[in-house]
Each structure stands twice: as structure tokens, then as C-alpha cells.
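Scroll down for the structure; my scribbles are underneath it.
Coordinate-derived values only; no laboratory data. What you see is a predicted model, and the numbers here were worked out from it, not measured in a lab. Cβ coordinates were reconstructed from backbone atoms using ideal geometry, including for glycine residues, and neighbour counts include every protein chain displayed.
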Amino acid sequence: MPFKPSKVILPATREEASESLEALGGGAAIIAGGTMLFRLRGSGLLDHVEALVDLSRLGLSYVRGDAVVAIGSYTPLSDVYRWIASDPRRGRALGALADAIMSMPGWQIRNMATVGGSASIGMPQSDIATSLLALGARARISGPSGERVVDLRDYMAGPLSPSLRSGEFLSELVIEQPIGASAHEKFVVSDIDHPIASASAHLALADDGSVASARIALGGGLRRSVVLESPRALVGRVPDEGVLEEIQGLARDSVDPLDDFVASAEYRRHLAGVMARRAVARAYARAGGSAR
Amino acid sequence: MKLRFTLNGSAVELDAEPWESLFDVLRNRLGIKSVKTALCEGSCSACGACTVLLDGRPIYSVMTPAYRADGRSITTLEGLSRGGELHPLQSAFIEAGAVQCGFCTPGMILAAKAYLDGGGGPDEGGIREAIRGNLCRCTGYVKIIDAIRRAAEASGGGKP
């Protein structure tokens, strides 16, 4: 087995975590839930890892807040889901994240995988990351010189390579003013596969039922995640069939899809549009809107 | 690293390497044969055969570092019967004919145990979601769901 780190470091404070990460440099791998790390044990991608720096004892498992929702990076997805599901207002506003969690096959995964790990893997295939992008999540990063907060889009620099400086780690996801409603949609061949295409939509409605602001995130088999901020096709309008048709076209034209044995680029592009359309329609219905 | 944890009610102490999974330790070193691997080479297929309960929550032992067990409580199928008496879920699986080849059965029963212990009831939707992380390639799930429903009804689960 090529993956043979010689030690596990279980820091009890953030300072200790940063010191360990700085000292180990590129030989360190940060471990949260561990699902991706242990899945990649035999892949060769982790052969350089000399030590695991484990986030489990830093008190980073929590979900709290109302106007600003803070989710500790080590929080298992199952805890996040239960917190959202316990309150109908949360269920509407953070519905995309709840949908994404429940779209994962089974409680075993949800009890292990963490929010921070899903964001840090940085792959468009992650339903959790796609939903967080639509919710405008920001990443709170802890490091040797304190904390900084960046847009999750900027944190997700590439697959398995989040934008972190020496000694830094993701401590929290922050979702500001979760209002309105959101929804996540994906297309998979079977429950356990990565989605061929996925989309999350987050909408805030004006008093007249039109869309006041919107954010749509596209994921699945894409070269990179796409975020559409308040597309003109949607804002100020009611998402009736004509508007949804425009959204479908916009999403289709916005993606850079993979082309492989699972699905052709053209098929993924088509599905990106369909998923965006469905996510917007479901978010709108969840917000209490009605497009007659 | 030195680990101390509770396995099916008994204290266990052993040394584990950082790269060892909980599965490696349970099956290969502690002789727990109810946990199995199936489709995990390179990529987990969420078959659920390696399911164990960690502090009562179902997890995949193949994807869990062994050191995470330190100070915690692990339950495997071997820990369910008491004094030669089968757990009600085990009895229900036999009564309903929910076992064919038996490969998935330990994981199914542990996932179902977590569901019932968490207050889950006999509704089919809840049961299906509870075993969504477990694959069966023989039964078509009908009798497994029936078995869990019987156990839920017998225990009065899901009622306020």
C-alpha cells in the first residue's frame, strides 16, 4: 500500500494545527471526515503524504446562527441536515443544501463526510459544494496569522487543491442572510455515481412574486463549477415557461462539460440546462411563488 | 498509535497505523467477520457491507480511519444478540425470509438498528431511506423492508 503516513497529529487548538501544518509543509494532508482520503488510499495521489493533521478535536462541529449561518468545517452532513430540517424557514432558504445532502446515498456517508471536506475537495461533482456556491457561502480560513474570509468560489481553486497558504485550514462555512428559497437538482445514472449534471438555485422574491435576486450554481461533470449571479433572464420576472426556457439556454451555454465514457459533452450540456431549469422552478415553488 | 475503544461492549486495546481503516482493524486483526468489503477497489460503491455503528451511528468502516475509534464505542452484528437470544431485528429477518446469500445482511441489520434506535417507524419511505446506503443483489429489498417493518411494529417505533 503506497499511502503510508507515519503519523497522525490531533491538534487540540487552532494554533497547534497551524504550527503542525507549517512544519510539515507539503507532506501534510488535512483530514476531516476522511471519506475522500481513505477512498484515494490506493490511487497514488496521496503517496507523498507523511502525516495526517486531523481536525476532529478543534471544536469545529457545529451549525448555528440565524441572520448569518455558521457551519463548522468538521460538521458531518447528517447534523447539518437535521439542523436545516428542524425549522421550515431554514428548510426553504437552505433547501439546496438539504437537497444535496439527501441526494447522497445513505446515512453512512452523511454521518462521515463533512461540510468542510466537501468544499475542500473542490470538485464540480460535489453536490454539497454546488449547493453552497448557490447559497453564496464564504470560507473562513484559520491560519498562523489569524483568520481570513474568502468567497467559496475562490477557495475552491481546483480538484483536491483548495486555495490555502502555509499553515492554513478551513474552519467554517458562512452563509449570510439566508432568505428566500433554494433547491438542488441532479441527474445520475445510479445513486452512487457522480452526477452527470447538477444545479442549485437560490431565489429571493419581491412582494409581487417576481424574482428579486438569484444565484444559480452548475456542477456535475464540468471542468469547473459555474455560478450565475442574478441572471438578467430571471431578475424582475416570474419564472414562467418562457423564462425557464431562457434559463435552460443560459445554463447550457455557460458550462464547459467533460466528454467521457459516462456521457458526451453535448449530453452533459443539455442536462446542465435541464437541471438549472428544474432547480429554479423548484426553488420558486419552495419560496411560495406561483407562475401562472 | 495506541487505541482504546469499546467493541460490542468489551474494552479493546491495540496499536494501529495511521493508514489503517477501521475495517482493516476489525476484520483482519480482531476477527470480526460480519464486516466485509465488496466493491471498494479504488472507489467505494456504497454497498454497505462494511457498515458498523460508531457511537450508535452507521458508518462505512472501510472509509473510516481506525484511529477515529479511539475512546468510542463500536457495534458490529456480533454485538447484537444477548445471552444466546437473537436481537428482534435478527429474528424479524429470519421470519420475513429477508436473507438469501447473507452478504449484505449484517450491514442491513445495523443500518436498520440505527434507524429504529433513532425513533424510526414502520413507514416504507423511512425504511427505504434508512437502508439506502446498503445494496442487496438477491432479494429485491421487499422482504428486507418487510423484516424491518415487523421489527418496528413490534417495538412500537415511530409512535409519539
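At a Förster radius of 25 Å, what calculated FRET efficiency corresponds to the Cβ-Cβ distance of A:Asp260 and A:His48, to the nearest 0.05?
Values: r = 27 Å, r/R0 = 1.07.
Calculated value: 0.40.
Distance from the alpha carbon centroid of the stretch A:1-60 to that of the stretch B:8-34 works out to 21 angstrom.
Label-to-label distance for A:Val174 and A:Glu15 is 2.3 nm, based on points extended 7 Å past Cα in the beta-carbon direction.
On average, how many beta carbons from a partner chain sit within 10 Å of the beta carbon of a residue in A:46-59? Let's see the in-between values first.
On the way: counts 1, 0, 0, 2, 1, 1, 4, 0, 4, 0, 3, 0, 0, 0.
Taking the mean over all residues of the peptide, I get 1.
From the alpha carbon centroid of the stretch A:76-104 to that of the stretch A:173-244 is 16 Å.
Summary of packing: across the peptides B:1-13, A:26-38, the per-residue average of other C-beta atoms within 10 Å ranks them, highest first, as A:26-38, B:1-13. Each Lys and Arg adds +1 at its Cβ and each Asp and Glu adds -1 at its Cβ; summed about the Cα centre, the stretch A:145-219 shows a dipole of about 220 debye.
Which whole number gives the average count of other chain Cβ atoms within 10 Å of the Cβ atoms across peptide A:5-11? Write down the numbers at each step before the final one.
Numbers: counts 3, 3, 3, 10, 1, 3, 0.
Partner-chain Cβ atoms within 10 Å, mean over residues of A:5-11: 3.
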